[in-house]
1. Give the residues of the stretch 277-313 that are surrounded by fewer than 19 Cβ atoms within 10 Å (Cβ to Cβ) and in a strand (DSSP E or B), sorted by residue number.
2. Name the residues in the stretch 29-57 that are surrounded by 19 or more Cβ atoms within 10 Å (Cβ to Cβ), closer than 20 Å to Asp431 by Cβ and touching a residue at least 60 places away in the same chain (Cβ under 8 Å), would you?
3. Applying the selection to the stretch 265-280, what residues are touching a residue at least 60 places away in the same chain (Cβ under 8 Å) and farther than 18 Å from Thr434 by Cα?
4. Give the stretch 233-264 a look and list any residue that's surrounded by fewer than 24 Cβ atoms within 10 Å (Cβ to Cβ) and part of a strand (DSSP E or B), or say none.
5. Those residues that are in contact with a strand residue (DSSP E or B) (Cβ under 8 Å, 6 or more places away or on another chain) and aromatic (Phe, Trp, Tyr), I need them from the stretch 388-415; list them, please.
6. Sort out which residues of the stretch 186-207 are within 26 Å of Ala325 (Cα to Cα) and surrounded by fewer than 17 Cβ atoms within 10 Å (Cβ to Cβ), and write them in order of number.
7. How do the pairs read when you match residues in the stretch 212-225 that are outside the structural domain of Ser184 (by TED's automatic domain parsing) with residues anywhere that are outside any loop (DSSP other than H, G, I, E, B), using Cβ under 6 Å and keeping only pairs 6 or more apart or on different chains?
8. Looking only at the stretch 403-440, which residues are among the charged types (D, E, K, R) and part of a helix (DSSP H, G or I)?
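The values are calculated or read from the model by the stated rules, or taken from the named source; none is laboratory data. Every value quoted in this text rests on a predicted model; they were computed, and no experiment measured them. Using ideal geometry, Cβ is built from the backbone for each residue, glycine included, and neighbour counts are taken over all protein chains shown.
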Amino acid sequence: MDNCENICVSILNNNFHCTVFLTGSKSESNRALIMEALSEGKVEVKNLSEAADTVTLSKILNKEYQISKHQTLNSQFKTKNSKPKTATSQLSTKISEINVGPAGTAMRFLTAFFTLQTGEVILTGSKRMQERPIGILVDALIKLGADIQFAALNGFPPLKIKGPLLQKTSRIAVNGNISSQYISSLLLIAPKLPLGLELEIESKLTSTPYVEMTLSMLEKAGIRYDWTDKIIKIKKQEYRNSEIIVEPDWSAASYWYAIAALSDEAEFFLPGLNAYSLQGDSRITEIMANFGISSQFKDGGVYLKKEPKKLERLIFDFKDCPDLAQTVIVCCAALGHNATFTGLETLKIKETDRINALQTELKKIGVKLHEKNLVCKLDCTGLNFPDKVFIATYDDHRMAMAFTPLALKIAQLEIENYHVVNKSYPGFWNDLKTAGFMVN
């Protein structure tokens with residue numbers, strides 16, 4: 001990696017007092033965009049995330065973008081000697097390629113979305129995206145009646161999707177301990193399915209709050225559902241006119257909690273966040289209370305403040321909030337706390353194998369992360385802070401931001417490929433500058 005793609009982070013002092021305006025939630029935004037598209041304009045979305053993943057999904061779904069694309073194709077066929085039916089024929093047989101890049105949520109949500117659309121698409125993504133499994137979701141959609149083929153390697157993108165889906169059944173079963181995005185993807189299209197959906201969740205559900213988020217957002221748009229035991233039922237129904245205001249991103253907030261935890265003194269105000277969030281990552285308030293970070297909700301946001309407290313909690317479970325794992329693990333490592341971590345089932349199939357990435361990078365400060373049967377435990381007996389450390393990011397936005405708080409312990413922290421944060425939190429480096437960090 002060229003050094004011009006790296007960024008150096010350091011501090012002038014260890015005390016922080018400022019307001020940080022966070023971008024909208026990527027998770028909420030991506031669900032809202034699919035709902036907006038399926039509702040044919042009845043659902044209006046406000047405060048969309050600026051995250052690259054959301055921008056990508058928005059461009060793909062944007063009706064004007066699609067219309068202009070077809071208008072361009074039409075203009076190519078409308079020559080003096082062409083007949084209108086020739087243009088129609090060529091348009092109907094053309095296969096569009098849709099590239100989501102590294103946007104995992106977009107890949108899962110669009111896989112289901114395009115089964116309802118008329119026409120044929122190739123849905124693909126980055127090299128890493130083509131290594132991330134999607135077979136469980138595809139199998140479920142095929143059972144419903146979708147026409148989907150794996151265009152290269154079985155079980156992985158790219159996908160060849162031909163719609164519209166001719167539904168064969170309303171009842172399917174999906175394994176719940178791999179990725180909640182598979183389930184959310186199916187739930188989002190359920191109201192538009194001719195026979196509705198009766199979804200049975202097999203095994204223990206991972207990341208339950210994300211499924212609850214999907215259902216709550218659907219409910220706000222007038223969609224009724226029933227969730228009894230392990231079965232979620234959604235009948236075919238119409239969206240109602242509604243407005244969805246996306247809350248700021250609690251995942252982004254987690255990095256400010258980590259900075260506060262490693263600081264000598266800190267008080268941040270994060271406007272727009274509320275105590276009754278749909279986002280599972282709002283659990284960071286509970287987790288970071290163990291680190292002495294208090295959360296007070298007032299003035300339309302949350303005040304977080306560092307208070308003296310000894311860190312004693314030994315086990316952290318991330319089953320409902322896996323995106324917080326890297327942040328908390330790095331925080332514990334920097335504080336020399338030999339904690340144990342569970343609920344990490346999905347970390348190996350994210351933007352990178354996050355377990356392996358954490359193990360590699362934590363060694364640079366003398367910390368070992370031992371893994372056994374998806375349970376990880378820190379060994380901080382060798383903890384040390386060199387004057388300079390280089391952190392590789394593995395094209396993973398959360399690796400970059402989870403390790404950045406180490407700048408409070410290391411004189412010169414170099415982060416690889418600083419652009420990677422654009423995936424979820426484009427303003428991260430500027431916000432650090434506002435808070436008083438030196439970012440070069």
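1. If the condition is that a residue be surrounded by fewer than 19 Cβ atoms within 10 Å (Cβ to Cβ) and in a strand (DSSP E or B), then Ser294, Gln296, Phe297, Lys298, Tyr303, Lys305 are the ones that fit.
2. Across the stretch 29-57, the qualifying residues are Ser29, Leu48, Ser49, Ala51, Ala52, Asp53.
3. Gly272, Leu273, Leu278, Gln279, Gly280
4. Lys233, Ser242, Glu243, Ile244, Ile245
5. Once the filter is applied, which keeps residues that are in contact with a strand residue (DSSP E or B) (Cβ under 8 Å, 6 or more places away or on another chain) and aromatic (Phe, Trp, Tyr), the stretch 388-415 yields Phe390, Phe403.
6. Across the stretch 186-207, the qualifying residues are Glu202, Ser203, Lys204.
7. Every condition considered, no pair remains.
8. Lys423, Asp431, Lys433
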